[in-house]
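Let me give you the structure first, and then I'll get to my questions.
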Amino acid sequence: MKAIQFTSFGGPEVLSYIDLPKPSPAQGEILIETTAIGVNFPDVRERMGVYNQKETRVGGVELPHVTGLQVVGHVVAAGDGVARAMIGRKVMALMKKGAYAQFALASAATTVTLRPDADDVAMASLPCQGATAYLTLQASTLLRAGESVLVHGAAGGVGSLAVQIAKALGAGTVIGTASSDERRAFVRDIGADLAIGYEDPNWPRTVLDHTQGRGVDVILESIGGDVFEQNFECLARFGRHIVFGSTRGPGNPIAPRRLMTKAQSLTGFYLPIFFETPELISRALAFLADRVTGGSIKANVATVLPLSRAAEAHRMLQARQVQGAIILDPAT
Ligand SMILES: NC(=O)c1ccc[n+]([C@@H]2O[C@H](COP(=O)([O-])OP(=O)(O)OC[C@H]3O[C@@H](n4cnc5c(N)ncnc54)[C@H](OP(=O)(O)O)[C@@H]3O)[C@@H](O)[C@H]2O)c1
């Protein structure tokens, strides 16, 4: 089979398009003949060796490595403990590695069956960013109907899905942040009630004005820096502040007692940990497949490139040239 592998860490040029033996499914695994492969920023970070540095070590990557976290395709083999009926089904899967290939292994427990007419490319864009967005709202906290939500980076992959998922889960006011007028227009288009820019230091005041001075019940925080601190200016009593990224670097240390006066909570989120609770991942994938098929959530795909051009996909992602997901086509 064709696959993209790297044998040393470095720039996009370390990604080689090569022949590898088809893997065999172990207990609990399925082998998927892929039709669409989603690219994520963690793939770039794995390739760069970021996770192997002492200060950012979160598991590390062993070389040689086939990166990639998500695919759509058809099940062609099943390991012990997996129902034979899975063979032949079209599935969407989240995995820890190995997606950039014509055949990929996934745990059956972090896979969901798709309808035969499901859009392979749209579905392949969802698992990592979509499961992150869903689980922040359904596992890190339990969003209640009518509650207000502030989603940072709402024009990005996780953010744009979080806005739509929050609405689909019955949120009241949903506010999104983004860095330009064009991106804020996109955030409103996907259903946010208000889109604001975090460059204006008074943005928390705008959130307060829009929530009758209460602030929001839930904040999905992925920015860091000053924004992390400012969030507390517009977090309601009993508010939940969920940190899942730091695109601008970490904020200042926080004194936990500041959470007491308004009985607020601060929660961290890290998707790989959820492989320990695969039922939560499969619940997230099933929700996404259902809502995207039904049309209430829209996947945002920027472009499809041949698998052989994975290095170009990484260059585009690093240069922030794309608005939406990049999908690799294993057939070309
Ligand atoms: N904890 C987890 O398990 C987990 C899982 C998935 C993703 N993440 C993290 O969540 C964040 C968003 O991921 P994503 O896949 O949605 O990424 P993405 O599509 O690239 O979106 C990132 C968003 O952050 C905003 N941003 C603000 N400052 C930025 C900067 N200096 N560089 C880049 N973007 C900046 C961008 O919006 P504007 O240009 O409009 O500001 C963009 O919308 C990332 O930090 C990622 O590492 C964490």
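Can you give me the number of residues within segment 255-270 that are more than 14 Å from residue 237 (Cα to Cα) and within 16 Å of the ligand (Cβ to nearest atom)?
Count: 4.
Among residues belonging to segment 262-311 that are of a type in the set (D, E, K, R) and closer than 28 Å to residue 332 by Cβ, point out the one that is surrounded by the most Cβ atoms within 10 Å (Cβ to Cβ).
Checked segment 262-311; the qualifying residue surrounded by the most Cβ atoms within 10 Å (Cβ to Cβ) is 309.
Give segment 1-53 a look and list any residue that's of a type in the set (Val, Ile, Thr) and either buried (at least 17 other Cβ atoms within 10 Å of the Cβ) or at pLDDT 95 or above (or both), or say none.
Passing the criteria: 4, 7, 14, 18, 30, 32, 34, 35, 37, 39, 44.
Just to confirm my filter: which strands (runs of 3 or more DSSP E) fall fully inside segment 1-61 and include at least 2 residues that are in contact with a helix residue (DSSP H, G or I) (Cβ under 8 Å, 6 or more places away or on another chain), in contact (Cβ under 8 Å) with a residue 24 or more places away in the chain and not hydroxyl-bearing (Ser, Thr, Tyr)?
2-5, 29-38
Since residue 148 meets every condition but one in (1) more than 14 Å from the ligand (Cβ to nearest atom); (2) among the hydroxyl-bearing types (Ser, Thr, Tyr); (3) closer than 15 Å to residue 283 by Cα, which condition does it not meet?
All conditions are met except number (3).
Would you confirm whether or not segment 174-197 contains a residue that is more than 10 Å from the ligand (Cβ to nearest atom), assigned to a helix (DSSP H, G or I) and crowded, with 18+ Cβ neighbours inside 10 Å?
Looking for residues that are more than 10 Å from the ligand (Cβ to nearest atom), assigned to a helix (DSSP H, G or I) and crowded, with 18+ Cβ neighbours inside 10 Å, one finds none in segment 174-197, hence no.
Further, regarding this structure: Would you mind finding the one in 243, 207, 216 that is buried (at least 19 other Cβ atoms within 10 Å of the Cβ), modelled with pLDDT of 95 or more, within 10 Å of the ligand (Cβ to nearest atom) and hydrophobic (A, V, I, L, M, F, W, C)?
So the residue among 243, 207, 216 that is buried (at least 19 other Cβ atoms within 10 Å of the Cβ), modelled with pLDDT of 95 or more, within 10 Å of the ligand (Cβ to nearest atom) and hydrophobic (A, V, I, L, M, F, W, C) is 243.
When you check residue 66 against the structure, is it touching a Ser or Thr at 6+ places or on another chain (Cβ under 8 Å) and either among the β-branched types (Val, Ile, Thr) or within 15 Å of the ligand (Cβ to nearest atom) (or both), yes or no?
For residue 66, the condition - touching a Ser or Thr at 6+ places or on another chain (Cβ under 8 Å) and either among the β-branched types (Val, Ile, Thr) or within 15 Å of the ligand (Cβ to nearest atom) (or both) - is not met.
Within 29 Å of residue 68 (Cα to Cα) and either out of contact with any His (no Cβ under 6 Å at 6 or more places or on another chain) or β-branched (Val, Ile, Thr) (or both): does that describe residue 265?
Considered against the rule, which asks whether it is within 29 Å of residue 68 (Cα to Cα) and either out of contact with any His (no Cβ under 6 Å at 6 or more places or on another chain) or β-branched (Val, Ile, Thr) (or both), residue 265 comes out as no.
Same structure again: Can we say residue 236 is out of contact with any helix residue (DSSP H, G or I) (no Cβ under 6 Å at 6 or more places or on another chain), on the phi > 0 side of the Ramachandran plot and aliphatic (A, V, I, L, M)?
The answer is no for residue 236.
The values are calculated or read from the model by the stated rules, or taken from the named source; none is laboratory data. All of these numbers come straight from a predicted model, not from anything done at the bench. Please note: Cβ atoms are built from the backbone with ideal geometry, for glycine as well, and neighbour counts cover all protein chains shown.
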